[in-house]
Every structure is written in C-alpha cells, then in structure tokens.
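The values are calculated or read from the model by the stated rules, or taken from the named source; none is laboratory data. Note that the structure is predicted; figures quoted are calculated from it, not measured. When we count neighbours, we look across all protein chains shown, and the Cβ atoms used for this are built from the backbone with ideal geometry, even at glycine.
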Amino acid sequence: MTRMPALYLSHGAPPLADDALWTRQLAEWSAGLPKPKAILMVSAHWEEAPLALAATTTVPLVYDFYGFPEHYYRVTYPAPGAPELAERVRKLLPGTQDVPDRGLDHGAYVPLVEMYPDADVPVLQISMPTLDPETLLGIGRRLAPLRDEGVLIVGSGFFTHNLRGLNPAAGPDEAPGWSKEFDAWGREALAAHDLDALLDFRHKAPAGRTAHPRTEHFAPLFVTLGAGEADLDGQRTPIDGFWYGLAKRSIQLG
C-alpha cells in the first residue's frame, strides 16, 4: 500500500467556499494525492483532554461559528464514519475517550468539501488534548504508522490567525506586516527543518504573539510534523499567499 502524505492546511472559514482561487487550489491538491483509505483530521476547533475520538458513524456537522448567512448552516458532508481507524488510534494512543455524538467541525468539513466533495472517504476527527507543541509533535509521531495503512493525516488550522487583523478589503497578496513576517519566518524554518525554532515559535518568530494571540490554529501543524517527520526533505507547499490578510500557507510531507 502506498504511504500517504501528512498535510497541514489553512482551512479558512465557511466563506472559503466563495473563494474561487482557494477552492481550486484545494481541489487540485487532493487530485494529485493517492486516494486515501480514510482521513484522520486534527482541527484547531476541537480541544479536549484526554484525547477524544469523534463519532465513528455519520452524525450532523458542528456549525461552530456565529453570525454568518443562513446558507452556510445548510452545508452537509455525510462522510462515512471510520470505526476501524478509531480502533487503531486507540491502540496507538491508549487512554483516549469517545464522543459518539460529535460531528465534524468547520475546521474539518470546510476543506474536505473542496478536496473530497463526494464525501466517499471515511473520516475520523480527533481532539487536541493540549496546545503544547512538544506533546502534539509526540502524538503525531505515534500516529505516523497510519500513513502506511492508507490513512491521510491532516492538521487543519491557519498559518497566521489574528482575527483583529482580518481585512475584508485585502487582495490575495495583501497582508499586514506581522502576517507577512511570520509567514516568511515559518517558510524558512520549515525549509531548514528547524523543529526547535518551530516548537518555540511564540518566542523565536517575528510577531509570533501577534500572528497567534492564541495558538490553536498553529498547533495542528505539530501533529503533521510528527506524523511526517521522516519526509521533511520532500516537503511541498501546495498553497501559499494570503486571505483577507491571513497567511494560508499549507504544506505536504511525503
């Protein structure tokens, strides 16, 4: 079986569906990947300890956003559940808990609607039990064997995420200085395989605390880095640039 890559993607928000460029980029990215047997999602929007497994059957989505037009709340994504994958995760990460009624949140389904619109690949979402980068890197390392079993591991966040800096009038290449500086630093740290710097990004990166006042959107990157650590040499950046001033950098390992 072909080893699947590990991905970190910037997932946007529900209006991502209205961005023709970004939706095309996501669709083209997935079209170039081997078809996964299942997808394991780690989203910025689910923090729960101990590490939790969401529903292993198809349940309604979690519309975890407020104040948007009604049509965003009518989106569906009835992907099959992944009970076999859940069992493997329980063995790799003992002590997990089940949350059988929790559906996919927007950090999971918004990009998947664009990447796998037929909703024909089983999906399992797991929580982040902490935002500590070292711990999340370790979780990714323990999940890495799943890649050899046809599982696509996806960390879903946003490469910069300060909503006070969101600019609805910004063009696709426009961004405030702090967002550009952090994005450039992250690009260079990833290219240099500088895990130590990335793990300490709040202190090492320029504008680290401005780009991420809270770190939940950068945190899924560390699960991806742990799962794809063996393939840092072959990393790709299928998507970069900015969306309303926020960096949408997304990477593929393997």
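Structure data summary
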{"item": "Test: residue in segment 214-223 that is aliphatic (A, V, I, L, M) and farther than 28 Å from PHE65 by Cα", "result": "no"}
{"item": "Among (1) without any contact (Cβ under 8 Å) to a residue 24 or more places away in the chain; (2) hydrophobic (A, V, I, L, M, F, W, C); (3) surrounded by 20 or more Cβ atoms within 10 Å (Cβ to Cβ), the one test that ALA169 misses", "result": "(3)"}
{"item": "Selection from segment 204-215 of residues that are in a loop (DSSP other than H, G, I, E, B) and either surrounded by 14 or more Cβ atoms within 10 Å (Cβ to Cβ) or in contact with a strand residue (DSSP E or B) (Cβ under 6 Å, 6 or more places away or on another chain) (or both)", "result": "ALA205, ALA207, HIS212, THR215"}
{"item": "Considering residues of segment 140-152 that are over 12 Å from GLU229 (Cβ atoms) and aliphatic (A, V, I, L, M) only, the residue farthest from the chain's Cα centre (by Cα)", "result": "LEU146"}
{"item": "Some residue of segment 193-200 being assigned to a loop (DSSP other than H, G, I, E, B), modelled with pLDDT of 95 or more and within 25 Å of GLU84 (Cα to Cα)", "result": "no"}
{"item": "Pairs where the first residue, in segment 173-189, is touching a residue at least 12 places away in the same chain (Cβ under 8 Å) and the second is in a helix (DSSP H, G or I) and of a type in the set (Val, Ile, Thr), C-beta under 6 Å, 6+ apart", "result": "TRP178/THR210"}
{"item": "Cross-chain or 6+ apart pairs with Cβ under 8 Å, segment 219-234 first and under 11 Å from VAL154 (Cα atoms), then of a type in the set (Lys, Arg)", "result": "ALA227/ARG141; ALA227/ARG147; GLY228/ARG147"}
{"item": "Criterion (under 25 Å from GLY254 (Cβ atoms) and either surrounded by 16 or more Cβ atoms within 10 Å (Cβ to Cβ) or within 16 Å of the chain's Cα centre (by Cα) (or both)) met by exactly one of TRP185, TRP178", "result": "TRP185"}
{"item": "Matching residues in segment 145-165 - criterion: being at pLDDT 95 or above, surrounded by fewer than 21 Cβ atoms within 10 Å (Cβ to Cβ) and in a helix (DSSP H, G or I)", "result": "PRO145, ASP148, GLU149"}
{"item": "Failed criterion for PRO168 (all others in (1) farther than 15 Å from PHE222 by Cα; (2) at pLDDT 95 or above hold)", "result": "(2)"}
{"item": "Single condition PHE201 does not satisfy, out of (1) over 15 Å from LEU246 (Cα atoms); (2) surrounded by fewer than 19 Cβ atoms within 10 Å (Cβ to Cβ); (3) touching a Gly at 6+ places or on another chain (Cβ under 9 Å)", "result": "(2)"}
{"item": "Unmet requirement for GLU48, which otherwise passes all of (1) at pLDDT below 95; (2) surrounded by 14 or more Cβ atoms within 10 Å (Cβ to Cβ)", "result": "(1)"}
{"item": "Those residues of segment 38-56 which are touching an Asp or Glu at 6+ places or on another chain (Cβ under 7 Å) and charged (D, E, K, R), in sequence order", "result": "GLU47"}
{"item": "Some residue of segment 96-113 being part of a loop (DSSP other than H, G, I, E, B) and either under 30 Å from HIS203 (Cβ atoms) or without any contact (Cβ under 8 Å) to a residue 12 or more places away in the chain (or both)", "result": "yes"}
{"item": "Of all residues making up segment 57-95, the number that are in a loop (DSSP other than H, G, I, E, B) and in contact with a strand residue (DSSP E or B) (Cβ under 7 Å, 6 or more places away or on another chain)", "result": "3"}
